[in-house]
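Please read the structure below before turning to the comments.
The numbers here are math on the coordinates, done by the rules we state, and not lab data. What you see is a predicted model; the values in this text were computed from it and never measured. Every residue, glycine among them, receives a Cβ derived from its backbone with ideal geometry; neighbour counts consider all protein chains shown.
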Amino acid sequence: MAHTPFLNVIPQRHTTDCAVACLAMLLGVDYEASLLAFGKYSLVIVRDIKRAAKRLGYTLHWTRKFELETDTGILGVRSTKWDYEHLVVLKDGLIVDTDATVWDADVFLAAYEATPQSLLVVKEGKSDGRPTSTK
C-alpha cells in the first residue's frame, strides 16, 4: 500500500503568489503545475483560482460557512497587517501558511489579528481528475 503525505508544504515564491502555493498544496500538485494552470498570473480573485483548479482536473466550491476545526480548503484571511486578503491552507484545525509554517488555526488568527473570510473546498465527485488544457 502506498503512503501519501498529510500535506506537502509548498511555500510561495513571490510577494503575491499565495494562491499558487495554496492551490498546489490543496490539490497535491507541484508549484509549477499550479502556476501554469493560472496562465498569466497577477493578483487573483476566486474565479481565477476555480479556473486554475478546473484546468488541473478539480472543481472548487466557495463558501463563507465553514468550521476551522474540521474543514479543509484554501482559507481567505484578512488583517490590517496585510495590504490584500491572504490565502492559506486550512486542514482540520491547522493553518499552513505560504511561508512554510504550520499553525493551530486559533493561534494564527490571533497572532496576525486576522479574521477568516471564506473557504474554497474541493467538490467530491465533480471531476474525473484528468487535467484539461491550459490554453
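Listing for the model above:
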| quantity | calculated |
| --- | --- |
| Any helices (runs of 4 or more DSSP H) falling wholly within region 1-104 and containing at least 2 residues that are without any contact (Cβ under 8 Å) to a residue 12 or more places away in the chain and either among the β-branched types (Val, Ile, Thr) or closer than 16 Å to Pro116 by Cβ (or both) | none |
| Residue satisfying condition, being under 23 Å from Glu124 (Cα atoms), among the hydrophobic types (A, V, I, L, M, F, W, C) and over 13 Å from the mean Cα position of the chain (by Cα), within set Leu7, Leu60, Leu56, Leu43 | Leu56 |
| Tally of residues being crowded, with 20+ Cβ neighbours inside 10 Å and over 10 Å from Ala19 (Cβ atoms) across region 36-58 | 4 |
